[in-house]
Amino acid sequence: KQADYYAYDFWNDRFVGEPSGSSRLKQTLRPGEARVLSIRRALDVPQVISTNRHMMQGYVDLKEVAFHDDSDTLSGRSDVARDDPYELVVATNGYVPLRAEVVGAASHSMECNPAEPTIVRLRIKPARTGRATWRIEFRNSISDE
């Protein structure tokens, strides 16, 4: 109950917010609508909170995700499909995203949306079906102040 969480709506591709463990999360659905929310405990370092590959939002497609304190880097591998753009949704948790690298991609881009200041999206256009290896480098804005 004392922890904070991130909620992400898969079907609407929307960051829902940061509910506390003691709060109530309420959603109003349109007739016939279904929602799948990922609820992830907020960490002190950048973390993946969703992907667009499968409604399990990372459970099926993410491999070996880790944050490396020594380099302020979040890295992992993702199962991807050729001609199917892949997206990682990352909560920055006070860190500033600097750059991303992806092996196994035809192209990639990183986007920060002013409407979602705590979220960064890494978009990957896979070069082939298989596994893409990615890393996002951050600057720790908390320790840099």
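The values are calculated or read from the model by the stated rules, or taken from the named source; none is laboratory data. Treat the numbers as computed from the prediction; the structure is a model and nothing was measured. Cβ coordinates were reconstructed from backbone atoms using ideal geometry, including for glycine residues, and neighbour counts include every protein chain displayed. Calculation scope for accessible area: heavy atoms of the full protein, side chains included, ligands and nucleic acids excluded. Shrake-Rupley method; radii C 1.70, N 1.55, O 1.52, S 1.80 Å.
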Of 61, 70, 44, the most mobile residue in a GNM of the chain (C-alpha springs, cutoff 10 Å) is 70
In order through region 127-137: 3J(HN,Hα) via Karplus (6.51 cos²θ - 1.76 cosθ + 1.60), integer Hz, x for Gly, Pro
7, 7, 6, x, 10, 9, 9, 9, 8, 10, 8
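Trypsin sites (Lys or Arg not before Pro) within region 9-54: which are DSSP loop residues with at most 11 other Cβ atoms inside 10 Å? Don't skip to the end; give the middle numbers.
Working: sites: 14, 24, 26, 35, 40, 41, 53; in loops: 24, 26, 35, 53.
Of the trypsin sites (Lys or Arg not before Pro), the ones in loops of region 9-54 whose Cβ has at most 11 other Cβ atoms within 10 Å are 24, 26.
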Using alpha carbon centroids, what distance separates region 41-80 and region 1-33, in Å?
19 Å
Distance in nm between residue 107 and residue 66 label points, each 7 Å along Cα→Cβ, equals 3.2 nm
Expected vector for region 21-30, Karplus 3J(HN,Hα) from phi with 6.51, -1.76, 1.60 and θ = phi - 60°, integer Hz, x for Gly and Pro, equals x, 9, 8, 10, 9, 10, 10, 9, 9, 6
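Give the carbon-plus-sulfur fraction of the accessible surface of the chain in %, rounded to a whole number; probe 1.4 Å, heavy atoms of protein chains only.
Of all accessible area on the chain, carbon and sulfur atoms account for 48 percent.
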Between beta-carbons, use under 12 Å as the cut-off and find the net charge around residue 8, counting Lys and Arg +1, Asp and Glu -1.
-1
Could you calculate the FRET efficiency of residue 39 with residue 115 from 1/(1 + (r/R0)^6), where r is the beta carbon distance between them and R0 is 25 Å, rounded to 0.05?
0.75
What whole-number value in cubic angstrom gives the convex hull volume per residue for the C-alpha atoms of the chain?
125 Å³
Name the residue, out of 126, 114, 46, whose mean-square fluctuation peaks in a Gaussian network model built on the chain with Cα pairs under 10 Å.
114
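Students sometimes get this wrong: rank 83, 13 by accessible area, probe 1.4 Å, all chains present, largest first. It would help to have the intermediate numbers written out before the result.
Details: 83 125, 13 80 Å².
Descending order: 83, 13.
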Please give every one of the lysines within straight-line cross-link reach of residue 26, meaning a C-alpha to C-alpha distance under 27 Å, and leave out same-chain neighbours fewer than 8 residues apart.
1
Can you sort 33, 18 by 1.4 Å-probe accessible area, starting with the largest?
18, 33
Send over a whole-number figure in Å² for the accessible area per residue of the chain, probe 1.4 Å.
58 Å²
